[in-house]
């Protein structure tokens, strides 16, 4: 059994090389390192530290140096790029694998060198040297690269930087927003000349992105006259600081007068008559003769100032409760004046001015800004004019001469403003507020005057009204007179009409009586014929009855006729006397009315029976009342006859 185990072990020993390969694969780095083999990956850089040097001229680093460039012991300037290297024995060299330096998009890499020459006195940045974007540390040292912050930068990309020599700080690019201006202050460069507040203008530095070009051109440290506009810039924050301010906007209807604090001393362009400051050309120190028109400008507010001057008509109000949008009159208030008679009163004033474009620089050169123009010229000029004007008259006269005083103020103030290169367009007087006590007196007086006028008017109206009423009364009386005259005439006509009517009524009655008599006669004849026919039908009986009845009626009728005749005569006499006393027409009307109303007499008889021959004869006709009576009796007797007779016979 033991022999078998030994044989198995010997079999395995034949494959020792396989085990060696496995161990090498597992510990290849250690294996290579033991044999001085270094493998640098493609995303790494090998930083070499030399531990010791046995012999040679450069055993030790020079004083003040930490990076070895000549094989001295210490941090080696030369790094290992990706690849395989031999001879780096672990007992002499220490190899550190450092990741490559990556600068992302939108970023910049700032470098600070730990070794190199000392910086010049007064400098804060080391000048750039040709060293493959700081990837060749040996070239940086040999070409005089200096310690400290470097003027050069790393832009977006990947770099093999020896971090033994350089510290890398990644920061953002500088971005200037729209409608903004970047104000640049340089942290390195030549000192600013005495008497200036900003450095001189230097070109060729690509908006301060090439700080070496700026420094080589002897650019000054401090505030720069140049500005940078909207965009993104690779600016070294160790070199420049940037402050963003809004662009200068000059609205329509205005100009911008530029006051520059830097530049050369220029020639005065204002002329000999202008003794209130210098007007210089564009780019020189002082007030520029050419103002800026409406628009947007990248102005550096730290080296120049722009005063906005309105070139349209400008209204200023001396009124406590009213201020224009430009706010130049916000400190102006209602003017208080005192009249000749000692009364204080208030008045509001509006002044319209105009500043021509070519005169705007002179106005600013004289006053500095528009507020000073208002406070130093307009306010005292207008206030004093109206105070002096009010002292020459009383309040009432001032109120009454408002128009004339306004025109005088316009001329006076316009003449004064011309001396200050300002046009006075118009002067307007607003509300005038006299003292309340005086106003009450004036109001009472005016009311009394108006009442007096009212009373006079009412008096005239009353006189006119009286005259009108008189004429109206006369007209009314004339109407009554005419009415009375017409009444008399109407009465006469009525009386004449009454007489005529009475005469007509009498004639009518007379005619009516004749017609009535004729009617009675005709009816009597008709009845006689009818009676005769009936009598023939019942001859014996009717004849006997008729004869008897005729005799009776005849006797009665004669007596009645005589009675009527006597009464008629008596009445006729009475009527005659009455007619004589009353008048024919009046009497007739009276009697007719009485007869109709009291006796209900029908004026027109219903039956008229008339007969011929002598009355009273046995065979003569039946007339008058006798005929009527006879007809009535005959009818009764017929109706009382034999009831068995036929209807036709009764009829």
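Just so it is clear, none of the values below were taken in a lab; they were calculated from the coordinates. These numbers come from a predicted model, not from an experiment. As a convention, Cβ positions derive from the backbone with ideal geometry for all residues, glycine included, and neighbour counts pool all protein chains shown.
The stretch 304-357 to the stretch 177-214: how many Å between their Cα centroids?
Cα centroid to Cα centroid, the span is 44 Å.
Does the stretch 328-472 classify as rounded, prolate or oblate by the C-alpha gyration tensor (a ≥ b ≥ c root eigenvalues; a/c under 1.5 gives rounded; else a/b over b/c gives prolate, otherwise oblate)?
Cα axes put the stretch 328-472 in the prolate bin.
How far, in nm, would the chain grow between residue 406 and residue 466 when pulled straight, counting 0.36 nm per residue and subtracting the alpha carbon separation?
Fully extending the segment from residue 406 to residue 466 adds 16.5 nm.
If R₀ is 51 angstrom, what is the calculated FRET efficiency for the pair residue 216 and residue 428, using the beta carbon separation as r and rounding to 0.05?
With a Förster radius of 51 Å, E is 0.20.
Starting from the Cα-Cα distance between residue 551 and residue 60, subtract it from 0.36 nm times their residue separation and give me the gain in nm to one decimal.
Here the segment from residue 551 to residue 60 would lengthen by 155.5 nm.
For the peptides 167-173, 134-140, what is the packing order when you average, over each peptide's residues, the other Cβ atoms within 10 Å and list the highest mean first?
Going by the mean number of other Cβ atoms within 10 Å, highest first, we get 134-140, 167-173.
Considering the Cα positions of the stretch 37-167, please state its Rg to one decimal place and its Dmax as a whole number of Å.
15.3, 49
Would you calculate the separation in nanometres between label points at residue 124 and residue 336, each defined as 7 Å from the Cα along the Cα-to-beta-carbon direction?
Calculated label separation equals 5.8 nm.
Mind giving me the nanometre distance, one decimal, between the label points for residue 372 and residue 70, set 7 Å out from Cα along Cα→Cβ?
Reported label-point gap for residue 372 and residue 70 is 6.8 nm.
Quote the relative contact order of the stretch 247-434 in percent (integer), defining contacts as alpha-carbon pairs under 8 Å separated by 6+ residues.
Over the stretch 247-434, the number comes to 22 percent.
Run the simple label-point estimate for residue 391 and residue 53 please: 7 Å along Cα→C-beta, distance reported in nm.
Computed distance between label sites residue 391 and residue 53 equals 10.0 nm.
Would you mind ranking 228, 176 so that the residue whose beta carbon has the fewest other beta carbons within 10 Å leads the list?
Ordered from fewest to most neighbouring Cβ atoms within 10 Å, 228, 176 come out as 176, 228.
Quote to one decimal, in nm, the extra length available between residue 526 and residue 503 on full extension: 0.36 nm per residue of separation minus the C-alpha distance between them.
Net length gain for the segment: 4.8 nm.
Among 491, 151, 333, 401, which comes first, then next, by fewest other beta-carbon atoms within 10 Å?
491, 401, 333, 151
Using r as the Cβ-Cβ distance of residue 86 and residue 171, and R0 as 41 Å, what FRET efficiency do you calculate, to the nearest 0.05?
It comes out at approximately 0.55.
Suppose R0 equals 51 Å; then what is the FRET efficiency for residue 192 and residue 42 from their Cβ-Cβ distance, rounded to the nearest 0.05?
Efficiency at R0 = 51 Å is approximately 0.55.
Shape verdict for the stretch 137-234, please, from the Cα gyration tensor: rounded (a/c under 1.5), prolate (a/b greater than b/c) or oblate.
oblate
Rule-of-thumb check for the stretch 247-434: C-alpha Rg over 2.2 N^0.38 Å?
The value comes to 1.19.
When 234, 86 are ordered from fewest to most other Cβ atoms inside 10 Å of their Cβ, what list results?
86, 234
Taking only C-alpha pairs under 8 Å that are 6+ residues apart, what is the relative contact order of the stretch 267-377 in percent?
26
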